[in-house]
2 protein chains.
Amino acid sequence: MDIKRYMQQVGRAARAASRELARADSGRKNRALLAMAEAVERDRALLTAANGKDLDAARSAGLEAALLDRLTLSDAGITAMAEGLRQVAALPDPVGEMSDFSYRPSGIQLGKMRVPLGVIGIIYEARPNVTADAAALCLKAGNAAILRGGSEAFHSNQAIAACVHEGLRVAGLPDTAVQVIETTDRAAVGELITLSEYVDVLVPRGGKGLIARISADARVPVIKHLDGNCHVFIDERANLEQALAIAINAKTQRYGTCNTMETLLVHQAVAAEILPRLATAYGEKGVALRGCERTRALLGAQVAAATEEDWFTEYLAPILAIKVLDDLDQAIDHINHYGSHHTDAIVTEDYSRARRFLREVDSSSVMVNASTRFADGFEYGLGAEIGISTDKIHARGPVGLVGLTSQKWVVLGDGQVRG
Amino acid sequence: MDIKRYMQQVGRAARAASRELARADSGRKNRALLAMAEAVERDRALLTAANGKDLDAARSAGLEAALLDRLTLSDAGITAMAEGLRQVAALPDPVGEMSDFSYRPSGIQLGKMRVPLGVIGIIYEARPNVTADAAALCLKAGNAAILRGGSEAFHSNQAIAACVHEGLRVAGLPDTAVQVIETTDRAAVGELITLSEYVDVLVPRGGKGLIARISADARVPVIKHLDGNCHVFIDERANLEQALAIAINAKTQRYGTCNTMETLLVHQAVAAEILPRLATAYGEKGVALRGCERTRALLGAQVAAATEEDWFTEYLAPILAIKVLDDLDQAIDHINHYGSHHTDAIVTEDYSRARRFLREVDSSSVMVNASTRFADGFEYGLGAEIGISTDKIHARGPVGLVGLTSQKWVVLGDGQVRG
C-alpha cells in the first residue's frame, strides 16, 4: 500500500464530501445519526466480536490493564455509544446561524453566518468509543471527518465505521463524509498531519505525549489539549465551609480527569485554620500531600516536601501539592507561571479579589466559589465535547459543536459599488 | 549577538508585559496611544531623518521603485500614522466584555469573558507605517507585541519604536509591551516563529511568498493571508445594470488589492447580452481579458485564451479572466475549486440562488449584489485591521481588534461542587 497516495485520496474524498455536508440540512444529518445508533445496537454481536479480536491481540501483546480497559467495548459501552449518537442528533445545529446583521454607511448590510470548518482530522488512542463520538460531532457540525484511532483498536474501529457508513447511506450522505483510516501503518499519521490542502484542522485526543508530538510535526492547525494542572486558591476572605467542600471535591471527586485540582493554594491568614481540617479529609480519602515549607510547618511530617517540579505537575492521581501564599498577587502569579491555563478557581467572598482573579488568571476557565470539576462540555451545556482546548486561538476550554465551526462574513447589497 | 538568547529574552519580556497589559484598563491604553501620536508628530524631523538613512541605503542597494515607495515615510505618511494611533484609541476596547451568562442545572452561572491572546508576533516587509499600526492594534487589544519589520526599514522602525515607547512610559506601561527587534539578522525571524513558549500567535504581513514561508516553518499558530482570488458571478436573473456596475467596480476600482475580482463568471443565458458591454468598458480602462472558449466565441480576438493556470491566478493587475458557465452549480464548484476562499459575489435577483450561493461558497466573505471591494476592515466597521485571514479557524476575513482577542469561560458559583 502506497500510504502517501492513499492518504491523498482520503483527503481529496473528504474535501469533496465536505461540500455535500456543508449544504446538508439538519434533518438529513440527524437521520444519519439516528440510523447509525440503530446500526450500532443491531450489530452489537458483530461489534463485540471485532472488539474481542482486538482484545485477544492486545492481551497476547501484553498490553497493560488500563489500556485494555480503554480498548474494551462492553455491552454497556455499546449502549452508551448508541445513546451518544442520539444525543448529538438532539443537539441544535450550529450551521447556518446568521447573526449581527446591520447596515454600514455604504448601504451594504453586513452580518455573519456560522459554517463548518470543512475537513477535520481526529487522531486518538485505542478507544473505540471515540470513533462514533468524533464522527457524530464532526457530522453534526457539517464537517467531513478523517479518523485515525490507535492501531490496537483496528478491528473495533472498522466495525464501528461500518455502522457509521450505513447511517450515512440511509440519509443519502456520502460514505466519505466519515473515513476511518484502513491501515495501521504509522506513516498514515505523518501524512494526515501534513495534508494542509485537504485538512482544515486536527484534533488529537489522548495523552500529552501524543498531542505534543502531533503538534510539533503538524502542518495543519491543531486544536490541542495538553495538561490540566488546575488550582484552587482559598482566599483570606473565603467562606471556609465552601472552601473545604470545593477543595475536597476538586481533588477527590475523580483523580484521572483533566479538570481535577493538582495544586491547592491557601492564603496564609486562613492556612492554620483550614489546612488541618483539609489534611484530615484528604487523609481519609488516601490523598498523599506534598507541601511548601509553611504547609509542612502547619501539618508536620505527614506532608512530603514539594519540589519545584511538583508545582508544574498534573498528577492525575491521589496526590496533591499545597502552597501557602501571602496574598492574591502571589496566587495569580503562581497559577499563571506554573499552571497549564486550563481551569482555576478562587474561593472568596471578596468582590474585588474575585474580579481580579477572573480577569488576571490566564486560563480557559476561571471560577469563583465552584469546583474546577465543572469544566467540561456536559456541565457547560455544550451537549458533547470533542475535547478541551488549552490553546488560545479559535476555541478555549471545552470544544463542542460550535468549536467545530467558524463564521464567515455575509454582505447583502442592492448593487452597491465602492467609491 | 547571540540571536537565540536575545529572542528568548524578548519573548520572556513580552510574556511578562502581557500580564500587565491584560490588566491595564482602557483609559491607560488610550493614554499610551495618544501620547504615541503626539511623539510621532513632535519627532517628525527625527523620523524623516531616520527614514532618509534607510532610503539612501536602499537606493544604493538598487531597490526597485515600488519597494522604495513602500519604504518612504512622507510628511503626509507621518501625519497618517499619528492619525491612525488616535483612531485606534477611539475604538471600543474589546477586552473584558462579558457575555452569554446563564445558570446551568448545577447552579453555577456560566458565561464568557473576552481576553487578550497574550503575545503577538508580527512579521512584515519594509513598510515603516506598519510598525505604529500593528503596535497600536496589539496594545489596544491588551496584547504584548514583538515586531519584526523588513531590514531595509531598520532605522525608520527604531525611530518609530522610540515614539511608541515614550507613549507607553507616559501611561505607566512597560516598554516591553511593544518590542521592535533590534537586529536585522534574519535568524531572528527563525527564532521568533518557533518561540511557542512565549508567543501565542503570529501575524505575517506581506507578500504570499513571505507568508507561505513563515507558515511552513512556524511552531506557533499563524493568522495568515494568502491569495485573494476573488470572483463575481453574474447569474441569469441578475439586474444587468447592477451586474455591469459591480463587475467594473470589483475589477477596476483598484487593481492591487486582495479583494479585487480576478475572474468573472457569467451565466450562459446572459453572456451574449452583457459580455460585449463589459468588454467595451474594460477596454476603456485598459483591462486585458482572458477567456474560456465561449467567452472568445462572443468577444472574438480581443480576448486571449485562458489557461487552467489563469483560473487559479491572483493577477493584482489590469488583467481579468472570464468564464461562461451553464448554471449556479458550476459557478459554486468553480469558485470553491479555483478560488482562494477570500471574497466572492453573486449578482442575482433570484432568492433561492442567492441563498445557495451564500451558504455553499466557502469563502471568508460571500456577497449578493455588492462589489467584492467592500471586503475590508474599514468598510466592515472594524475600525482598523491587522490583516485579512484566509484561514478558517479563529478569525476569517478582515481581522480587527476582536480577532486579536479570545474568550475564556467564567463560572460564578456559590460553593457548588460536582456530584
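The values are calculated or read from the model by the stated rules, or taken from the named source; none is laboratory data. Everything quoted here is computed from the prediction, not taken from an experiment. Cβ placement follows ideal geometry from the backbone for every residue including glycine, while neighbour counts extend to all protein chains displayed.
Quick notes
- Inside segment B:74-104, residues that are over 21 Å from the mean Cα position of the chain (by Cα), surrounded by fewer than 13 Cβ atoms within 10 Å (Cβ to Cβ) and either β-branched (Val, Ile, Thr) or within 30 Å of B:ARG42 (Cβ to Cβ) (or both) make up a count of 3.
- Qualifying residue in segment B:22-40 (condition: part of a helix (DSSP H, G or I) and either on the phi > 0 side of the Ramachandran plot or touching a strand residue (DSSP E or B) at 6+ places or on another chain (Cβ under 7 Å) (or both)): yes
- Taking the listed residues B:ALA141, B:ALA159, B:ALA188, the one that is closer than 17 Å to B:ARG31 by Cβ, buried (at least 20 other Cβ atoms within 10 Å of the Cβ) and within 25 Å of the chain's Cα centre (by Cα) is B:ALA141, with no other qualifying.
- Within segment A:227-251, considering residues that are in a loop (DSSP other than H, G, I, E, B) and crowded, with 20+ Cβ neighbours inside 10 Å, the one nearest to the other protein chains (Cβ to nearest Cβ): A:ALA238
- The set of residues in segment A:182-219 being in a loop (DSSP other than H, G, I, E, B), under 28 Å from A:THR257 (Cβ atoms) and either among the hydrophobic types (A, V, I, L, M, F, W, C) or without any contact (Cβ under 8 Å) to a residue 60 or more places away in the chain (or both) consists of A:ILE193, A:ALA218.
- Apart from one condition, A:ARG290 fits all of (1) touching a residue at least 40 places away in the same chain (Cβ under 8 Å); (2) of a type in the set (D, E, K, R); (3) touching a Leu at 6+ places or on another chain (Cβ under 8 Å); the exception is (1).
- Residue among A:ALA304, A:ALA317 that alone is aliphatic (A, V, I, L, M), surrounded by fewer than 24 Cβ atoms within 10 Å (Cβ to Cβ) and in contact with a strand residue (DSSP E or B) (Cβ under 8 Å, 6 or more places away or on another chain): A:ALA304
- Residue tally, condition β-branched (Val, Ile, Thr) and modelled with pLDDT under 90, over segment B:381-404: 4
- Residue match in segment A:256-270 (condition: within 14 Å of chain B (Cβ to nearest Cβ), surrounded by fewer than 19 Cβ atoms within 10 Å (Cβ to Cβ), within 30 Å of the chain's Cα centre (by Cα) and assigned to a loop (DSSP other than H, G, I, E, B)): yes
- Top-ranked residue of segment B:9-30 - restricted to ones that are away from chain A (no Cβ under 12 Å) and in contact with a Gly (Cβ under 8 Å, 6 or more places away or on another chain), ranked as nearest to B:ALA136 (Cα to Cα): B:LYS29
- Enumeration of residues in segment B:338-379 that are more than 10 Å from chain A (Cβ to nearest Cβ) and either within 16 Å of B:ASN229 (Cβ to Cβ) or touching a Phe, Trp or Tyr at 6+ places or on another chain (Cβ under 6 Å) (or both): B:TYR338, B:GLY339, B:SER340, B:HIS342, B:ASP344, B:ILE346
- Flag if B:LYS285 is in the same structural domain as B:GLN242 (by TED's automatic domain parsing), among the basic types (Lys, Arg) and touching a strand residue (DSSP E or B) at 6+ places or on another chain (Cβ under 9 Å): no
- Complete set of residues in segment A:51-73 that are of a type in the set (A, V, I, L, M) and either surrounded by 15 or more Cβ atoms within 10 Å (Cβ to Cβ) or closer than 12 Å to A:GLU152 by Cα (or both): A:LEU55, A:ALA57, A:ALA58, A:ALA61, A:LEU63, A:LEU67, A:LEU68, A:LEU71, A:LEU73
- Checking each residue in segment A:112-131 for being surrounded by 24 or more Cβ atoms within 10 Å (Cβ to Cβ), under 20 Å from A:THR48 (Cα atoms) and more than 15 Å from the chain's Cα centre (by Cα) picks out only A:PRO128.
- Segment A:327-337, subset touching a residue at least 60 places away in the same chain (Cβ under 8 Å) and among the aliphatic types (A, V, I, L, M), residue farthest from A:CYS230 (Cα to Cα): A:LEU328
- Segment B:94-159 holds strands (runs of 3 or more DSSP E) entirely within its bounds, and those carrying 2 or more residues that are within 12 Å of chain A (Cβ to nearest Cβ) map to B:98-103, B:109-116, B:119-124.
- A single entry from A:GLY149, A:GLY84, A:GLY118 fulfils the requirement of being closer than 30 Å to A:ARG186 by Cα and free of Cβ contacts under 8 Å to residues at least 40 places away in the same chain: A:GLY149.
- Residues that are under 30 Å from A:PHE357 (Cα atoms) and outside any helix (DSSP H, G or I) within segment B:54-93 comprise B:LEU91, B:PRO92, B:ASP93, listed in sequence order.
- In segment A:381-419, the residues that are at the interface with another protein chain (Cβ under 7 Å from one of its Cβ atoms), hydrophobic (A, V, I, L, M, F, W, C) and in a strand (DSSP E or B): A:TRP409, A:VAL410, A:VAL411, A:LEU412
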